[in-house]
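First comes the structure, then the notes that go with it.
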Amino acid sequence: MASSISNNSTDTNFRLEHDSMGEVRVPKNALYQAQTQRAIDNFPMSDLRLPFRFIQSIVLIKQAASVVNRDLKLLDSEQAQAIEVACAMLIEGEHSDQFPIDVFQTGSGTSTNMNVNEVIATLANNHLGEELNGKQRVHPNDHVNMSQSSNDVIPTAIQLSCLVAIHHQLLPNMSHLIDTLEKKALQTDSIVKTGRTHLMDAMPVTFGQELRGWKAQIQRAQQRIEDSLPELQSLAQGGTAVGTGINAPEKFAKNIAEQLSEMTGLNLHASDNPFYNLSCQDSSVALSGELKSYAVALMKIANDLRWMNSGPLAGIGEIELPALQPGSSIMPGKVNPVIPEAVAMAAAQVMGNDTTITVAGQAGNFQLNVMLPVIAYNLLQSIELLTNSSLLLADKAIQGFTIRQDNLDKALAKNPILVTALNPVIGYENAAKIAKKAYQQQRAILEVAEEETTLSREELKELLDPMVLTQGGVSQL
């Protein structure tokens with residue numbers, strides 16, 4: 001149970017709790033205790049809360065610490081079992097409303113760490129169902145936080161929550177997007193379109209070539225993200241207050257890394273330099289940079305899709321994206337590229353998050369970074385946005401778009417840049433004259449080239465075949 005301190009207040013909606021600073025009024029049915037309430041009162045900054053995924057990672061750390069402390073004979077079996085039962089409830093998603101502290105709080109995240117400690121302690125005491133000599137049998141600091149400090153718990157939770165989210169959600173969805181692009185490329189390998197550089201007509205490409213360019217962007221972004229993960233697998237836990245491991249047994253760091261590895265299926269190990277893990281967040285900054293790079297790739301692809309879909313009459317009109325909802329409250333029949341737009345906005349948010357994380361990363365004052373909560377919030381939001389963007393772009397935009405072959409054929413037939421293929425045969429300047437004439441007269445390049453050169457129509461058809469031109473090389477007769 002939370003506390004048996006008598007409530008001297010006439011307000012029956014509250015109870016009195018105490019900590020080292022004295023008494024605090026806490027909502028009667030809250031599972032948290034005094035330190036959480038102080039943080040609620042002290043930080044009315046925003047409506048932003050740390051993601052429950054992050055809270056669950058802290059709970060995992062508490063559960064693993066309980067196992068290790070019990071095995072090291074520091075925690076009796078009843079206390080450990082009660083803590084582990086409480087942690088299991090929270091990991092399953094129960095009582096998610098008991099973590100109300102603002103993201104913008106103490107920079108170490110101590111308030112959130114104590115919030116978790118207090119909720120676990122309350123649930124553990126409820127499980128035990130009795131007090132010992134008038135005191136809680138499971139204390140938030142003495143038992144739930146045993147062998148730990150907020151200063152190693154919060155950095156470890158950042159690493160753990162990001163690893164879980166990336167391995168179980170982001171990377172699989174990136175792979176799904178890669179597969180979707182390849183399937184669409186296979187379907188469109190034989191379709192030739194006008195290439196564009198500077199948004200101006202250029203030599204032709206196939207849809208398959210264009211889509212595989214996007215696919216390569218996703219593959220390389222995925223590889224860069226994967227390459228950043230080993231550093232996150234080196235845990236801060238065991239460094240406690242300043243990196244020395246004060247109040248933690250010698251084997252604690254190694255043992256809890258092994259326990260967390262067993263619980264999560266991740267390959268985790270104790271850091272060889274906990275001073276690094278506590279004093280800086282360089283690994284978070286590096287990961288954020290790779291997430292930003294992926295956001296840049298997604299925005300490029302989303303914008304390409306928007307341009308290709310533009311029209312349907314006055315734009316490029318190469319493709320038609322799936323119609324998902326009405327596009328205007330005043331213009332009937334209008335349909336907009338809503339998924340690429342949403343993805344572009346998500347990508348912009350990730351880029352902004354990276355700036356915040358970069359600024360927060362330099363806030364490592366001596367032995368501790370003091371912007372940990374905002375790093376955690378922004379990293380996890382970036383991972384979530386990229387995870388969902390990958391899925392939506394694959395399933396609601398790329399998979400279902402159709403080709404507007406009539407528009408492709410018209411543009412190809414009149415594309416004066418096809419004359420580039422004649423450079424090796426008639427020279428650049430002669431080819432430029434043909435291109436200008438074709439553009440000015442809005443005629444097919446084949447017709448003008450037949451007039452302006454001694455090449456036969458059959459020779460020109462061979463030299464100017466768009467599909468052949470997508471394969472590169474030098475034109476020869």
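The values are calculated or read from the model by the stated rules, or taken from the named source; none is laboratory data. Only a predicted model underlies this, so the values are computations on that prediction, with no experimental measurement involved. Glycine also receives a Cβ, built like all others from the backbone with ideal geometry; neighbour counts cover every protein chain displayed.
Scanning region 21-58 for residues that are closer than 12 Å to Ser96 by Cα and either at pLDDT below 95 or not hydroxyl-bearing (Ser, Thr, Tyr) (or both) yields Ala30, Leu31, Arg49, Leu50, Pro51, Phe52, Arg53, Phe54, Ile55, Gln56.
Rundown of residues vs (1) β-branched (Val, Ile, Thr); (2) buried (at least 24 other Cβ atoms within 10 Å of the Cβ); (3) out of contact with any Phe, Trp or Tyr (no Cβ under 7 Å at 6 or more places or on another chain), yes/no style:
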| residue | (1), (2), (3) |
| --- | --- |
| Gly93 | no, no, yes |
| Val119 | yes, yes, no |
| Ala124 | no, yes, yes |
| Val138 | yes, yes, yes |
| His143 | no, yes, yes |
| Pro155 | no, yes, yes |
| Gln169 | no, no, yes |
| Asn173 | no, no, yes |
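Residues in region 443-477 that are surrounded by 15 or more Cβ atoms within 10 Å (Cβ to Cβ), assigned to a helix (DSSP H, G or I) and either in contact (Cβ under 8 Å) with a residue 12 or more places away in the chain or polar (S, T, N, Q) (or both): Ile445, Leu446, Val448, Ala449, Glu452, Glu459, Leu460, Glu462, Leu463, Pro466, Leu469.
Against the condition closer than 30 Å to Leu163 by Cα and basic (Lys, Arg), how does Lys396 come out, does it pass? Here the answer is yes, as Lys396 does meet what is asked.
Considering only residues that are in contact (Cβ under 8 Å) with a residue 60 or more places away in the chain and surrounded by 19 or more Cβ atoms within 10 Å (Cβ to Cβ), look in region 68-89 and name the one that is nearest to Ser261 (Cα to Cα).
This residue is Val68.
Quick check: anything in region 247-259 in the same structural domain as Val370 (by TED's automatic domain parsing), under 28 Å from the mean Cα position of the chain (by Cα) and farther than 23 Å from Arg220 by Cβ? Within region 247-259, none of the residues are in the same structural domain as Val370 (by TED's automatic domain parsing), under 28 Å from the mean Cα position of the chain (by Cα) and farther than 23 Å from Arg220 by Cβ.
The residue list Phe43, Phe54 contains one member that is assigned by TED's automatic domain parsing to the domain that holds Gln136, in contact (Cβ under 8 Å) with a residue 12 or more places away in the chain and within 26 Å of Lys254 (Cβ to Cβ), which is Phe54. Any idea which residue in region 203-228 is nearest to the chain's Cα centre (by Cα), counting only those that are of a type in the set (A, V, I, L, M, F, W, C) and closer than 16 Å to Met467 by Cβ? Among those that are of a type in the set (A, V, I, L, M, F, W, C) and closer than 16 Å to Met467 by Cβ, it is Phe207. Would region 85-98 turn up any residue that is more than 23 Å from Ala253 (Cα to Cα), touching a strand residue (DSSP E or B) at 6+ places or on another chain (Cβ under 8 Å) and at pLDDT 95 or above? Looking through region 85-98, none of the residues is more than 23 Å from Ala253 (Cα to Cα), touching a strand residue (DSSP E or B) at 6+ places or on another chain (Cβ under 8 Å) and at pLDDT 95 or above. When each of Ser108, Ser161 is tested for being touching a Leu at 6+ places or on another chain (Cβ under 9 Å) and assigned by TED's automatic domain parsing to the domain that holds Leu386, the lone residue that passes is Ser161.
Name the residue, out of Ser175, Ser190, Ser149, that is polar (S, T, N, Q) and within 30 Å of Thr110 (Cα to Cα).
From the options Ser175, Ser190, Ser149, the qualifying one is Ser149.
Hey, any hits in region 274-294 for a residue that's closer than 19 Å to Gln209 by Cα, among the small types (Gly, Ala, Ser), within 26 Å of the chain's Cα centre (by Cα) and in a helix (DSSP H, G or I)? Among the residues of region 274-294, not one is closer than 19 Å to Gln209 by Cα, among the small types (Gly, Ala, Ser), within 26 Å of the chain's Cα centre (by Cα) and in a helix (DSSP H, G or I), which makes the answer no.
Within region 306-323, is there a residue that is under 25 Å from the mean Cα position of the chain (by Cα), more than 30 Å from Asn69 (Cβ to Cβ) and part of a helix (DSSP H, G or I)? Taking every residue of region 306-323 in turn, at least one turns out to be under 25 Å from the mean Cα position of the chain (by Cα), more than 30 Å from Asn69 (Cβ to Cβ) and part of a helix (DSSP H, G or I).
Among the residues of region 371-417, those identified as in contact with a strand residue (DSSP E or B) (Cβ under 8 Å, 6 or more places away or on another chain), modelled with pLDDT of 95 or more and of a type in the set (A, V, I, L, M, F, W, C) are Ile375, Phe401, Ile403, Leu408.
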